[in-house]
1. Quick check: net charge around A:W80, other residues with Cβ under 11 Å of its Cβ, Lys/Arg +1 and Asp/Glu -1?
2. Each label point is 7 Å from the Cα along the Cα-to-Cβ direction; what then is the distance between the points at A:A11 and A:R83, in nm?
3. Which of the residues in region B:422-455 lose at least 10 Å² of accessible area when you go from the chain alone to all protein chains together (probe 1.4 Å)?
4. For region B:274-433, what % of the accessible area comes from carbon and sulfur atoms, probe 1.4 Å?
5. Which of rounded, prolate, oblate describes chain B, given a ≥ b ≥ c as roots of the alpha-carbon gyration tensor eigenvalues and a/c under 1.5 marking rounded, otherwise prolate only if a/b is larger than b/c?
6. What residues have an amide H closer than 5 Å to that of B:V21, excluding those fewer than 5 places away on the same chain, when H is modeled at 1.01 Å from N in the peptide plane?
7. Report the trypsin sites (Lys or Arg not before Pro) located in region A:104-211 that are in a DSSP loop and have at most 15 other Cβ atoms inside 10 Å of their Cβ, or state none.
8. Here are some pairs, A:K136/A:K184; A:K136/B:K447; A:K209/B:K169; which of them have Cα atoms lying more than 20 Å apart in this structure?
Amino acid sequence: MAVSASDIRSALSLPSSSTPVHSTTPAPRKSQGQVTKKPEGISRELYALIGPSAPSLVAHLAKPRLKQKPNFGSGGKVKWEWRPFRNAGRTDSLQLGHWVKAGDDPDAEYSFTKYNVQSQSYTYSQEEYIHKDWTKEETDNLFNVVREYDTRWYVVHDRYEPPPDGPTRSLEDLKDRYYSVCRKLIRNRPWAGDEASKAQLLNSYQFDKDRERMRKDYIASLEDRTPEEIAEEEALFVELKRLEQNERKFKKERDELLRTLLGIDSGLPDIVAEEDGLSALSAEGFKKRKKNANEIDVPSTPSNIISLGPPPPKRPHSAKSVAYDAQHCIVRVEPPASSTTKITHTPVHLRSFKLPAPKAALLPKVTQTLTELGINHTRLVMPTRENCARLESLIEATTALIDTKKVVDRVEQDIRVLRIRLGRAIDGGAGAGADIDADADADADAEGEIDGRAQSILSIRSGRGRKQSRRSMSVSSIGTSASTRVGKRQKRS
Amino acid sequence: MVNYGGDEVSALVLDIGSSSVRAGYAGDDIPKAIIPSFYGYKATSGDADVQMSENAPENFDSTPKQTPSDAKLYLGQNGPSIWREGMEIGNPIRDALIFDFNPVPALISHALVDVMRVNPSEHPILVTEPAWNTPANRERMAEIMFEEFHVPAFYIANTGVLNAFAAGKGSALVIDVGHAMASITPVVDGFVLRKGLVSSALPKLVQAHARHILSNPTQTRRGIELLPHQLIANKLVRCLSYPNYSFYHYDITQPVEPGAPPRFTLREDRISGTTESWRVWCESREVEEWIQSVAGVLDQGWNDQAAASRSPRQYEFPTGYNTYFGPERYQVGEQFFFHSPQLVAQNPNLPKNIPTLLSESLRACDPDLRQVLMGNVVLTGGGSLFPGFADRLEAELSRNFPHVKIHAPGNPIERRYGGWLGGSILASLGTFHQLWISREEWQEHGKPIVGQRCK
């Protein structure tokens, strides 16, 4: 049933687009004309629906048709006949029969003969033969087996039988023997071709027995692992991977930080490419940097990269720069002499970023002690250089104080233990003699001394308002001892 | 035609196994003739004092006597399975090797001439042999083929290699669990590595174990009488709940309830004429059928809970006795993989189980080869058709080796007759036809040609 576009329109009570309010007579005629123009490969109904505005793709569609019938030969029947044949690969006259097309050439060579390929093998004469370990008979035997099994070495090794009184041969022995004989033969026989092909052939007969044996041993040891060893190895491997990952992460973060803080001065190789995008902001500064970066890109020594963070050592020598520094309050920090790696490199930083802080392990103790002393160290209002140094010395002093306290505690403990032991000794042997008593007295004296000192420290901890003078004294005394260390540290940094 | 390398010369393939003889055309996918290797015979001479103590089924090393050459043979599907008075049962195969060549020509002739209806003198024939076959045996087989069947050409190929070919592999580790022997054969480039070849009579042990389970009473049931259906006249009992019907001489009969003692009538007339060997053969067939329909292997090693959690399976014996078998059916298959220490202690020459065979075989192979072989494990043989066998093997192997791939055909025909199938493929290849030992060569060189040609 042919359904035209106008039919659809009328069914949907739409106004006809091409012919406004028209009668039905022009429409069939029009469709008639269209049908004649219908392109190949499109059904009449579909064409009637979509009209002349058929997509160009459709025109390319092939006419739908059934699956093509297979074409068997040149039409009609093929005559097959049972024909006996001879196989040129055989040495005898066996005739087998098979079905072939009647039209085939009866005299053609058997088509599977060409797969009968003989591998090349070497032979040698009695005169050529000299060897101490292998007798000629054994070598002959080996060559026969190798030829028989076409150098399938696993099979050769399986089938090779050493002479009854001879040594048993491993696979490597056999291979080594065979290849070494072949190499010798190639080397010593007259060679028809050029040297290159000879060398190539020699190369193909190369065999390193010891290496092969070592490789086999490795495989064997790999297979002989116990399950525990395998598990341990796997655990180690996972651990290694984890460490590597951490390392990478750490390095990435450090680079990120360096890039953020230092930019071009960090000496990272990929920084130039990144800077390109920002170049529009400060062309001149960028040029300068770029020049700098180029210098960095080809560092003569690794230390060059490191020294870039702090200004190069030449600079401070010029009086002008010293004056410049003084004018602009620039403080230059001497680069630590010992360190030349990137890790210890300190880029430019705000001083307040690097306020001295106690070691993380000691932090709670230090904080506690300082709180007991009524010192607030957490907020440095004005982090000038001097203030920073002061704060650092304060923390050093506190740390030293804590260390001392620790020592005192330990000594006290020792004394207590000794005293108890002494008491027991006295109880045990009442008539022990005078010298023990004397010792005890001496101990007691010493204790009295230490006790006094310990108390002074203790008092710092326990009582705040108690004995102000004494406390200040003890703190100051520690302070002096700490100051030397501070000085050392300052020198170092 | 050359694309797949096939060129069929209408060769025949003959695969003689412990339980059946398979014969067919090369190029087919199923053997045309499958006949049992067992045969019945009646000695014509009055040599009546046949073996009584021999053929004890528990004893794997029994030496059956040879069949007299003038005996009347009953072969094929209607041979041993039909009760005949005074008929003995024989099998020419022992440990997968032919030890008694007297009935072999008759068996071959039955398969080729009576079943396949071919004239053997018109077709080249490929015969299979186990990897541990003796040179004398294969030469004798060649002699039979050339002198008795007058074949134009002959070849004898190794079942291990043929099984690898059937799986489409040139190099493989073939695990073949047959009716009498389980063997592991490393094959490299179509050659058997003889040093890595191991075999044991493991299936015999499994059968003996199953028989032991069945015939010994347990807490819940009595020992089961393994009587063949040929000796049973009636196993149905009259239904007692409808006594009225017997009034109309209309018997309602039905089997006994599961677990109830069987109520059957023996064919008393046959008892006296039944020979010991026939009775033993029938019993082992009953055991085998029970194994085939009930037994399985736990795929993740022995585990009492797992064995108990599997659903029991009902089985009815020819006597009418029927019951449900639970964990016992997995104990049978377990014998392939694990032997309890006390069993090992009791039997010093117990057949080695499959994990032992595997490690023995691989130890003899080159370390380089082990990976290749483990990636190409071919499981074949009818004895491997236990449900769960392949899964268990995979579990056992992957415990010790990282990359194991097992090729186990799902089709039971392919699994059981893998050796025949490989022979069918080999003998239909165009490149193979130069390997045939022709009649001319046989006449010229004699027996040594077999060893030279068939490596």
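1. Details: positive: A:K77, A:K79, A:R83, A:K101; negative: A:E81, A:D104.
Around A:W80, the charge tally is +2.
2. 6.5 nm
3. Buried on complex formation: B:G430, B:T431, B:H433, B:Q434, B:W436, B:S438, B:E440, B:E441, B:K455.
4. Values: 3240 of 6670 Å².
About 49 percent, which is the carbon plus sulfur part of the accessible surface.
5. Numbers: a/c = 1.99, a/b = 1.33, b/c = 1.50.
Oblate shape, in that a/c is at least 1.5 and b/c is the bigger or equal ratio.
6. Under 5 Å from the amide H of B:V21: B:I35, B:S37.
7. Details: sites: A:K114, A:K132, A:K136, A:R147, A:R152, A:R159, A:R169, A:K175, A:R177, A:R183, A:K184, A:R187, A:K198, A:K209, A:R211; in loops: A:K132, A:R152, A:R169.
Of the trypsin sites (Lys or Arg not before Pro), the ones in loops of region A:104-211 whose Cβ has at most 15 other Cβ atoms within 10 Å are A:K132.
8. As for pairs spanning more than 20 Å Cα to Cα, those are A:K136/B:K447; A:K209/B:K169.
The values are calculated or read from the model by the stated rules, or taken from the named source; none is laboratory data. Predicted, not measured: the structure shown is a model, and the values here were computed from it. Note: ideal-geometry Cβ built from the backbone for every residue, glycine included; neighbour counts use all protein chains shown. Just the protein is used for accessible areas: all its heavy atoms, side chains included, with ligands, DNA and RNA removed. Shrake-Rupley method; radii C 1.70, N 1.55, O 1.52, S 1.80 Å.
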